[in-house]
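*Asks:* Structure provided below as structure tokens; questions to follow.
The values are calculated or read from the model by the stated rules, or taken from the named source; none is laboratory data. Just so it is clear, the structure is predicted and the values come from calculations on it, not from any experiment. Counting neighbours? That spans all protein chains shown, and the Cβs are built from the backbone with ideal geometry, glycine included. Ligands, DNA and RNA are excluded from the accessible area calculation, which covers all protein heavy atoms including side chains. Shrake-Rupley method; radii C 1.70, N 1.55, O 1.52, S 1.80 Å.
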Amino acid sequence: MKVVLRNPRREVEVAGNRRVKEVLRELDILPETVLVIRGDDLVTADQLLRDDDVIELRPVMSGGSASRSTPGVRGEPAKELA
Amino acid sequence: MKCRKCGASATIELRRHNAAFCVDDYLEFFRNQVREAIRKHRMFTRDERVLVAVSGGKDSLALWDVLIDDGYDTTGLYLDLGIFDYSVESKAKCEAFAARRGARLLVSRVADEVGGPVPVIKQVTRRPPCSGCGLSKRYLMNRVALDHGLPVVATGHNLDDEAATLFGSVMHWRTEALPRQSPALASTHPKLVRRVKPLYRLSERETAAYAFLRRIDYIVEECPFAAGATSIAHKEVLNRMEDASPGAKHNFLFGFLDKARAAFERLEDVTLQECARCGQVTTSTVCAFCKLADQVKRAAGSGAPAPDR
């Protein structure tokens, strides 16, 4: 089964005929951090993946900031535009 | 896995809600969370014009999508940070979205306002790039809203963003930052517009799922300067806690908002005044944005900073 990863984009082969959550565990990816995409659909953690499936694990994390807020002027030290 | 509402095959599971939804019921769940945020914090009404700050990412475009569908009078604002191909692509995503939805999009270039794009600001200030970038964005969002007579700016900050910011503030006990962490900040000065975060009830994965299911073409790549950012590290820590205990991020943020924030708000004692140079609001004589612009322009005069690309 082909798994497409992003940032940077790359592909890995893993054994199929297993549930999504087992594949994520093998790749050491937390379910909370990705969308699991097959074709035009999202798939839930309990679904069985076939050996000929192609799935994309799209990261959902964005943003970045190391700043502290500007005192007094209501900034917050997070990304501004999500 | 079955949809909690209709019993059809589920497309997404939300462990923190102990629920799963089909596509249609998920989209409605998502919109209802945004509606609840707007209602609870009286963020804006349908009679007000809302400036939606968009980056081309999943959160801000998902937010704009929901607000347009719910009949709000919105204008998008894209701030061009000048971060190489990342900015070129993210701007194109915003323009394509605006064109598809027939929505108005304003564009402002950080380089025009500060004297250099974010890569130059990073080099000149020798501080983390997110620092000067965030400062510039906060300043420009407010000023553009004022210039166009819009009373409120909505940003796409989600539950993960807010929890990570809170975590960072608490880790360093930045008590001065805590009162300002809120889903809605009222206008406390005639030159400060209201600032609201209608997605604060929704996690990053939930906004990504909404954008994907709505077929919104957003930029998946991260900002090249985000790698190694402190907030990313905080998000990773929180996601490990979430994995072990679903709802941990929600409880952390909402517990603060419900039980702790008011105590820090009472401690805040800040005097706002207008910047002697640009007239925008600051606590000093000259605002941080003008100081940053001075620094960038001085460096440009000495030929120090690298070019845009």
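*Asks:* So which helices (runs of 4 or more DSSP H) stay within the stretch B:225-282 end to end and still have 2 or more residues that are within 22 Å of A:Met61 (Cβ to Cβ)?
*Replies:* B:230-244, B:248-255
*Asks:* Within the stretch B:50-68, restricting attention to residues that are assigned to a strand (DSSP E or B) and at the interface with chain A (Cβ under 7 Å from one of its Cβ atoms), which residue is farthest from B:Lys197 (Cα to Cα)?
*Replies:* Per the stated criteria, the residue is B:Val54.
*Asks:* Let me ask something additional. So which residues in the stretch B:107-119 are free of Cβ contacts under 8 Å to residues at least 40 places away in the same chain and not polar (S, T, N, Q)?
*Replies:* Result: B:Val107, B:Arg109, B:Val110, B:Asp112.
*Asks:* Collect the residues in the stretch A:46-61 that are more than 14 Å from B:Ala209 (Cα to Cα) and either open to solvent by 40 Å² or more (accessible area, probe 1.4 Å) or facing another protein chain (nearest Cβ under 8 Å) (or both), keeping them in residue-number order.
*Replies:* A:Asp46, A:Gln47, A:Leu48, A:Arg50, A:Asp51, A:Asp52, A:Val54
*Asks:* Out of the residues in the stretch B:167-196 that are more than 7 Å from chain A (Cβ to nearest Cβ) and over 27 Å from B:Val144 (Cα atoms), which is surrounded by the most Cβ atoms within 10 Å (Cβ to Cβ)?
*Replies:* Among them, the one singled out is B:Ser169.
*Asks:* Which one of the conditions (1) in a loop (DSSP other than H, G, I, E, B); (2) more than 9 Å from chain A (Cβ to nearest Cβ); (3) modelled with pLDDT of 95 or more does B:Ala163 fail to meet, given that it meets all the rest?
*Replies:* Condition not satisfied by B:Ala163: (1).
*Asks:* Please go through the stretch A:1-19 and pick out each residue that is exposed (fewer than 11 other Cβ atoms within 10 Å of the Cβ) and part of a strand (DSSP E or B).
*Replies:* Within the stretch A:1-19, A:Arg10, A:Glu11, A:Glu13 qualify.
*Asks:* Could you list, in sequence order, all residues of the stretch B:120-134 that are at the interface with chain A (Cβ under 9 Å from one of its Cβ atoms) and in contact (Cβ under 8 Å) with a residue 40 or more places away in the chain?
*Replies:* Once the filter is applied, which keeps residues that are at the interface with chain A (Cβ under 9 Å from one of its Cβ atoms) and in contact (Cβ under 8 Å) with a residue 40 or more places away in the chain, the stretch B:120-134 yields B:Pro128, B:Pro129, B:Cys130, B:Gly132, B:Cys133.
*Asks:* Any residue at all in the stretch B:259-271 that's at pLDDT 95 or above and open to solvent by 40 Å² or more (accessible area, probe 1.4 Å)?
*Replies:* yes
*Asks:* Quick check on my filter: what residues within the stretch A:22-36 are surrounded by 18 or more Cβ atoms within 10 Å (Cβ to Cβ) and either under 12 Å from the mean Cα position of the chain (by Cα) or closer than 20 Å to B:Glu204 by Cβ (or both)?
*Replies:* A:Leu24, A:Pro31, A:Glu32, A:Thr33, A:Val34, A:Leu35, A:Val36
*Asks:* Name the one entry in B:Asn18, B:Asn32 that is surrounded by fewer than 19 Cβ atoms within 10 Å (Cβ to Cβ), within 14 Å of chain A (Cβ to nearest Cβ), farther than 19 Å from A:Val60 by Cβ and of a type outside the set (Gly, Ala, Ser).
*Replies:* B:Asn18
*Asks:* Still on this structure, please answer the following. Does B:Lys137 satisfy the criteria of being in a loop (DSSP other than H, G, I, E, B), open to solvent by 10 Å² or more (accessible area, probe 1.4 Å) and either touching a residue at least 12 places away in the same chain (Cβ under 8 Å) or within 9 Å of another protein chain (Cβ to nearest Cβ) (or both)?
*Replies:* So B:Lys137 fails the test.
*Asks:* Considering only residues that are without any contact (Cβ under 8 Å) to a residue 12 or more places away in the chain, within 12 Å of another protein chain (Cβ to nearest Cβ) and out of contact with any helix residue (DSSP H, G or I) (no Cβ under 7 Å at 6 or more places or on another chain), which ones fall in the stretch B:241-272?
*Replies:* Hits for the stretch B:241-272 are B:Ala244, B:Ser245, B:Asp269.
*Asks:* Is it fair to say B:Tyr200 is among the hydroxyl-bearing types (Ser, Thr, Tyr), open to solvent by less than 30 Å² (accessible area, probe 1.4 Å) and not in a helix (DSSP H, G or I)?
*Replies:* It is true that B:Tyr200 is among the hydroxyl-bearing types (Ser, Thr, Tyr), open to solvent by less than 30 Å² (accessible area, probe 1.4 Å) and not in a helix (DSSP H, G or I).
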